[in-house]
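*Asks:* Quick one: the structure is below, questions incoming.
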Amino acid sequence: MVPSITRRRRRELVIAAVLLAVLIVLPLPIHDVYTRNLFIITLLFAGLAQAWNILGGYCGQISLGHSLYFGIGAYVSTLMFVNGHIPPPVGMIAGGLVAAAGALLVGWPVFRLSGHYYAIATVVVQEIGYLLALNWDLIGGASGVFIPFRGESWLNLQFRTDKLPYFYVALGFAAVTWAVAWWLEGARLGFSWRAVKDDVVAARSLGVRVFRSKMAAAALSGFFTGVGGAIFAQYVGYIDPDSILSGQLAILIALPAVLGGVGTLWGPFLGAAVLIPLREVSSSYLGASGNGFDLMLYGILIMAVALLRPQGLASLGAVFRRNANGAP
Amino acid sequence: MLRIEGLNASYRGLKALQGVSLNVKKGQIVAVVGANGAGKTTLLKSVAGLVTTEGSIVFDGQDLRRLKAHMISRAGIGLVPEGRRLFPRLSVEDNLRLGAYAIAGPDRFKPLELVFSLFPRLQERLAQRAETLSGGEQQMLAIGRALMTQPRLLMLDEPSQGIMPKLVDDIFRAIQRIRDLGLTVLLVEQRLAEALEIADYAYVLQTGRVVMSGKAAEIAADSAVRRAYLGL
Amino acid sequence: MTIETLLQVAVSGLLMGLIYALVAAGLSLIFGLMDVVNFAHGELMMVAMYAAFTLWQMSGLDPFILLPIVAALMFGLGVAIYRLLIARALSVRFNRGMVQIFVTFGLAIFIRGFMQFVYGGEFRSITGTWLANRTANIYGVYLPLPQVAASLVCLLAFAGLLAIGRTEFGRALEATREDREAVALIGIDRDRIFALGWGLGAATVGVAGVMLAGFYYISPNVGANFALIAYVTVALGGFGSMLGALAAGLLIGEVEAITAQLLEPSLKQVGMFAIYLAVLMFRPRGLFGKL
Amino acid sequence: MNRIAAAAAPLFMAVTLVAGQAQAADDIVIGVVYPLTGNAAPIGLDAKAAYETAADIINSTHAPIPVLMGNGGGLDRLGGAKIKLVFADSQNDPQKARAETERLITQEHAVAIVGSYTSATAVTISQVTERYEVPYMSADNSSPSLNQRGMKWFFRTSPHDEMFTQAMFQFFADEGAKTGHKVKSVALFYEDSIFGADSSNVQRKLAGENKMTIAADIKYRANSPSLSAEAQKLKAADADVILPSSYTSDAILILRAMNEIGYKPKAIMAQAAGFQESAFMTGAGALAEGAMSRSSFALDATASRPAIAPVNALYRARNDKDMNDNTSRDVTALFTLADAINRAGSAKPEDIRKALIATDIPGNLTVMPWAGVKFDETGQNVKGTPVIQQVTNGVYHTIWPFDVAVQPAVWDVK
């Protein structure tokens, strides 16, 4: 039993390394800005979905309010850069830490709730954060924060028209979240989460400190979501509550993980790779007609995947593998 | 009346029944006895359509395996399930009347008289919520609710479980009376002595297989059987 | 603040609270029955508003008169949604909780796109109705008649829901929600009860939508304005409890009205959210929820 | 690995396929970015119809319309090249607006961008156009801060909220001098997004400068289910004029909410937006009677602007409603841009920019009641002079400036 698990884990590491290598060279021959943008957004959401997966998937706490941590990360790093001239790579970490702190603060009362009560409470907390940001003039209020262009440099994480650096930042972000998830799958913490997810009472009897283990998941998940928010802010160059603290965004963070496979290592990536390009391309080429086709398509896709592949797209992989190798 | 042949069923990945065959004749009390985990509950659930099975279950010439659970109930099979499964926040009266939900016609509540004559205590507690009843009263209510569906075959899953000894006797007496009124009864019990005492025929189940069957009195008398299969 | 203002605030909160309560009632019903949170609930209300609008445009009849027709249509829609989507979502073997969340979420997006396709994005209003823009003045407290009518209909709808609860069908609903497996043993077809429950839930929110259409604008996104409040109302009242939905709706309406008076109106929803969180700290299953 | 590639490959193939669509060589591509789905979609869809109308006037052959580029037949100095519009849906999302602008510039080879109604999207669009060095013609963004970022490629034909608000207060002063009706107190009522914030900031400042009391300063939640508490606050303040900055849905709702509590405000002076939408007129019905609004457009100024009637007729044919504050600005922006491209005689962005800087169009060659179009060094049109209008009998009529007014202002409409 145990050796087969480690063999599987090693194989996953090898797959990831190969994938990473491919992704590193992939954008080089593609010069089209739109396609590169698509890659960046997809990777960013792959990382965000993986971050969500830590809490929502492995630990089983379906948060529909993750844009709160995204927004916190974005605001902290942006305000540090705009007002304090602190370079975004530093602001990113700071934003992640504040977001993690926020996640702990939210988790403390909210983890007492379960099931749908929990999910709705996360929406409410996110909505409160949104309303406060909208009314808090010190952080720009409704007008948002404009990030001035301070010259092309890695330190500022600003590039005039070049998309390649952002691509590697997003790739790095996604890779790190994947690595963390991979590590967690083998770590003690990961086991206790799965125990919590399956059966809280049983987990408790096994000596898992349920509350503490949920808090750890929230902090990790919040941290990486915050980092993602900071990257996003620097990439877009402008933040306002509507675009980075909305409920819609919270769903979009969770959706790839759900479609791809909750609590799986590859699910969030797979979900993002399918969902984000589909969403972007359909809204680019169908949305301009204004007749709602893109929304209908998007809605049907979500329903279809949820019903036809309830265990997520990642399960398709298992089917392939079983057929190819004759072993699960 | 009920004929089961070559029944296989799995429960949570474990094979709970393996090739079980069983026959219940009209107007009899048939007891199925066996130790914990022998597959007794799964057997009743299979008949009631609550678990998926392989094999054949024929009731009055009708193949039950084609029917959904609620149609099996309507076909005339009542199950008093393990754990009683009452509707805890509804009143005793509502629990009873709901038993007649699928029955049409002016006489749909007629079995109430029978239920009250079997269990007079229920009549005293009509307005109470089911969850406030004692264990024995809940069992009575569960039997009463099943009777309200006007079954021809009544299946009971461990009716004596978790009940004061004094009430156990009442319940077994009631089961006898039900049989005497012309109903057929399939009874699953761990309390061997009482079950075999009222039963006409008995099957002994062990790890999902029928290991023995015969007249209840004969099985009750065979001490070797009792030692070998029933751990007594 | 004068006594008139105070009363006016209380009345406004009450009138809006009843609408919130009715919007929430259908959601609560469906959840209580089968543990499904319908994330397309606001969109069902929006569909009812458009249905009322279209029928009004075609017939020129007052939405009041159209109420039963729209309710019946919504009932059918609810049943159809259950049969086509939800029954399937309930039968999956993995991640059932997430599947039902995202199936209804996908449905919400689809309905929004579909309504934009049919009606365009334009804001619509039902105008020139019998009660439109009329108000009654009682000792300096103004009562907008369309809203008063809506509130009365809300109360009637609640009375209706409670009355249904007392019928045999209502008992069967309650029994199904308490033990969805055991009902099969007494010959109740769970699937049918669920479908009817969806029909009833959709009809209820349909009634709210029609009454709302009498004084609110209609657009493909209008459901979202009410949906979040409906979820909060249901969670505050306790999933599955009709009385909870009523009490929570009124509470939220009042808290909203009072917060808007005391604080910046743009923060009025913070008030209701804060109350919600505060209540959940002490009663994690809401005011009337089952523990 | 291969399952990811297998899943992703068709999608990326689809992208490159669509990306590969070629343009007809002659066409001058202009990218148009608007919210075409979501809450702001009605505005975006109207804008789309307006641009299509204007492009049609520029491109097709028809009887000359007395407006800039109104002769038809394409851009004559570019050999009759046609304007080709490529629309993109911003979904009112800054990130999306940014990406779509990039797509329009790099894939569709747009030589200029027009847009975008909402301020947040204008911020990111202008960022992109600045970096790609392509002109951005802001048609209907009214946030005053947009042109104050030292941008080279940003141009705005429309007046901004500061100019609009100055016009409002000038109108109050002129009315006072003419009729003796003085405005002593105002109530600010604005939605909580960037439009409301910007608009109210200017109003607050100008009210102070004009020694008016601010009787109420109410920021409200956009798309609220109810505005009755807000209406009560307005009633309690009972200012001489209520200054709403609201989008359509809220504009309908607040009028209804005030009516519901039996409050008829003394006067309403709207920062256009929702108050100028046709959906508002149907939705609010009789309640809109007497409401005043600033506008950059006057449908009734047909005497001094002969192009209004034919352009409006064409727009009507396309969209089944009259041009309004927004759509007229959209039309004007495209005419101005096309004229600049034509004068530049080139589709090179730098040439277009130079031509835009040199723009000086007299007012009577537009459909607007403006003095004209001439950009200052920040790209702002300094000749965009707004008008004040008032609803009488369900239609907006111009009441100020007095020289273009068709009727006098009515105060205290009951």
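The values are calculated or read from the model by the stated rules, or taken from the named source; none is laboratory data. Since this is a predicted model, take the numbers as computed values, not measurements. Reconstructed Cβ throughout: ideal geometry from the backbone, glycine too, with neighbour counts over all protein chains shown. The protein model used for the area step is the full one, side chains on, heavy atoms only, and it has no ligands, DNA or RNA in it. Shrake-Rupley method; radii C 1.70, N 1.55, O 1.52, S 1.80 Å.
*Asks:* Out of the stretch D:252-274, which residues are touching a Lys or Arg at 6+ places or on another chain (Cβ under 9 Å) and either of a type in the set (Gly, Ala, Ser) or more than 9 Å from every other protein chain (Cβ to nearest Cβ) (or both)?
*Replies:* D:MET258, D:GLY262, D:LYS264, D:PRO265, D:MET269, D:ALA270, D:GLN271, D:ALA272
*Asks:* Looking at D:ALA88, D:ALA99, which one is assigned to a strand (DSSP E or B), over 24 Å from D:GLY372 (Cβ atoms) and open to solvent by less than 10 Å² (accessible area, probe 1.4 Å)?
*Replies:* D:ALA88
*Asks:* Would you mind finding the one in B:ALA31, B:ALA16, B:ALA9, B:ALA35 that is within 28 Å of B:GLY214 (Cβ to Cβ) and under 15 Å from the mean Cα position of the chain (by Cα)?
*Replies:* After applying the criteria, what remains is B:ALA31.
*Asks:* Does D:SER224 satisfy the criteria of being touching a residue at least 24 places away in the same chain (Cβ under 8 Å), more than 14 Å from chain C (Cβ to nearest Cβ) and among the hydroxyl-bearing types (Ser, Thr, Tyr)?
*Replies:* no
*Asks:* Another question, then. Residues that are surrounded by 22 or more Cβ atoms within 10 Å (Cβ to Cβ), at least 3 per element: which helices (runs of 4 or more DSSP H) completely within the stretch C:1-98 meet that?
*Replies:* Counting at least 3 such residues, we get C:3-34, C:41-59, C:63-81.
*Asks:* Continuing with the same structure: Among residues belonging to the stretch B:169-182 that are without any contact (Cβ under 8 Å) to a residue 40 or more places away in the chain and under 15 Å from the mean Cα position of the chain (by Cα), point out the one that is farthest from B:GLY27 (Cα to Cα).
*Replies:* B:ILE171
*Asks:* Moving on to the next point. Looking at the stretch C:238-267, I want the residues that are within 11 Å of chain D (Cβ to nearest Cβ) and under 17 Å from C:GLY26 (Cβ atoms) and have a partner that is part of a helix (DSSP H, G or I) and not hydroxyl-bearing (Ser, Thr, Tyr) with Cβ atoms under 8 Å, at least 6 apart or on another chain. Which pairs are those?
*Replies:* Close Cβ pairs satisfying both conditions: C:ILE252/C:GLY17; C:ILE252/C:ILE229; C:ILE252/C:VAL232; C:ILE252/C:LEU236; C:ILE252/C:MET272; C:ILE252/C:ILE275.
So that you can scan it fast, the table gives a plain yes or no per residue for (1) within 12 Å of chain D (Cβ to nearest Cβ); (2) closer than 18 Å to A:ALA119 by Cβ:
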site	(1), (2)
A:ALA219	no, no
A:PHE223	no, no
A:VAL227	no, no
A:ALA230	no, no
A:VAL236	yes, no
A:ASP242	yes, no
A:GLN248	yes, yes
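*Asks:* Can you tell me which residue within the stretch C:123-133, out of those that are open to solvent by 40 Å² or more (accessible area, probe 1.4 Å) and under 18 Å from C:ILE218 (Cα atoms), is nearest to the chain's Cα centre (by Cα)?
*Replies:* Selected residue: C:ARG124.
*Asks:* Also: Name every residue in the stretch D:228-253 that is within 24 Å of D:SER119 (Cα to Cα) and in a loop (DSSP other than H, G, I, E, B), in order of residue number.
*Replies:* D:SER246, D:TYR247
*Asks:* Here's another thing I want to ask about it. What's the total number of residues in the stretch C:266-287 that are touching a strand residue (DSSP E or B) at 6+ places or on another chain (Cβ under 6 Å) and closer than 16 Å to C:GLY244 by Cα?
*Replies:* Number satisfying all stated conditions: 0.
*Asks:* How about the stretch C:134-180: which of its residues are open to solvent by 40 Å² or more (accessible area, probe 1.4 Å), of a type in the set (Val, Ile, Thr) and in a helix (DSSP H, G or I)?
*Replies:* C:ILE164
*Asks:* Among the listed residues B:ASP200, B:ASP157, which satisfies the condition of being within 25 Å of B:LYS26 (Cβ to Cβ), open to solvent by less than 60 Å² (accessible area, probe 1.4 Å), in contact with a Pro (Cβ under 6 Å, 6 or more places away or on another chain) and not basic (Lys, Arg)?
*Replies:* B:ASP157
*Asks:* Report, ordered by the first and then the second residue, all pairs with beta carbons closer than 8 Å, sequence separation of six or more or different chains, a first member in the stretch A:22-36 that is closer than 22 Å to D:GLU100 by Cα and more than 9 Å from every other protein chain (Cβ to nearest Cβ), and a second member that is open to solvent by 30 Å² or more (accessible area, probe 1.4 Å) and part of a loop (DSSP other than H, G, I, E, B).
*Replies:* From the stretch A:22-36, the pairs are A:ARG36/A:ILE30.
*Asks:* Can you pull out every residue in the stretch D:56-82 that is closer than 20 Å to D:ILE105 by Cα and open to solvent by less than 10 Å² (accessible area, probe 1.4 Å)?
*Replies:* D:ALA81, the sole residue that qualifies.
*Asks:* Okay, next question. Across the stretch C:117-151, what is the number of residues that are more than 14 Å from chain A (Cβ to nearest Cβ), among the aliphatic types (A, V, I, L, M) and under 30 Å from A:ASP294 (Cβ atoms)?
*Replies:* Adding up the residues that qualify gives 1.
*Asks:* So, of the residues in the stretch B:77-107 that are touching a residue at least 24 places away in the same chain (Cβ under 8 Å) and charged (D, E, K, R), which turns out to be surrounded by the most Cβ atoms within 10 Å (Cβ to Cβ)?
*Replies:* My answer is B:ARG84.
*Asks:* So which residues in the stretch A:104-131 are over 20 Å from the mean Cα position of the chain (by Cα), over 19 Å from C:GLY289 (Cα atoms) and facing chain C (nearest Cβ under 7 Å), if there are any at all?
*Replies:* Residues satisfying the conditions are A:ILE128, A:LEU131.
*Asks:* Can you confirm whether B:LEU181 is at negative phi, open to solvent by less than 10 Å² (accessible area, probe 1.4 Å) and not β-branched (Val, Ile, Thr)?
*Replies:* In short, no.
*Asks:* Count, please, the residues in the stretch D:170-201 that happen to be closer than 16 Å to D:ILE388 by Cβ and out of contact with any strand residue (DSSP E or B) (no Cβ under 9 Å at 6 or more places or on another chain).
*Replies:* Of the residues in the stretch D:170-201, 6 are closer than 16 Å to D:ILE388 by Cβ and out of contact with any strand residue (DSSP E or B) (no Cβ under 9 Å at 6 or more places or on another chain).
*Asks:* Do you know which residues across the stretch A:214-234 are open to solvent by 10 Å² or more (accessible area, probe 1.4 Å) and either on the phi > 0 side of the Ramachandran plot or over 16 Å from the mean Cα position of the chain (by Cα) (or both)?
*Replies:* A:LYS214, A:MET215, A:ALA216
*Asks:* Could you please give the count of residues in the stretch D:102-146 that are of a type outside the set (Asp, Glu) and either more than 28 Å from D:GLN271 (Cα to Cα) or part of a helix (DSSP H, G or I) (or both)?
*Replies:* Of the residues in the stretch D:102-146, 26 are of a type outside the set (Asp, Glu) and either more than 28 Å from D:GLN271 (Cα to Cα) or part of a helix (DSSP H, G or I) (or both).
*Asks:* Please tell me if C:PHE114 is within 9 Å of another protein chain (Cβ to nearest Cβ) and open to solvent by 30 Å² or more (accessible area, probe 1.4 Å).
*Replies:* yes
*Asks:* Kindly indicate whether any position in the stretch A:190-200 is loosely packed, with under 13 Cβ neighbours inside 10 Å, modelled with pLDDT under 85 and assigned to a helix (DSSP H, G or I).
*Replies:* yes
*Asks:* Go through (1) open to solvent by 10 Å² or more (accessible area, probe 1.4 Å); (2) free of Cβ contacts under 8 Å to residues at least 12 places away in the same chain and name the single condition A:VAL76 misses.
*Replies:* In the conditions (1) open to solvent by 10 Å² or more (accessible area, probe 1.4 Å); (2) free of Cβ contacts under 8 Å to residues at least 12 places away in the same chain, A:VAL76 misses (2) alone.
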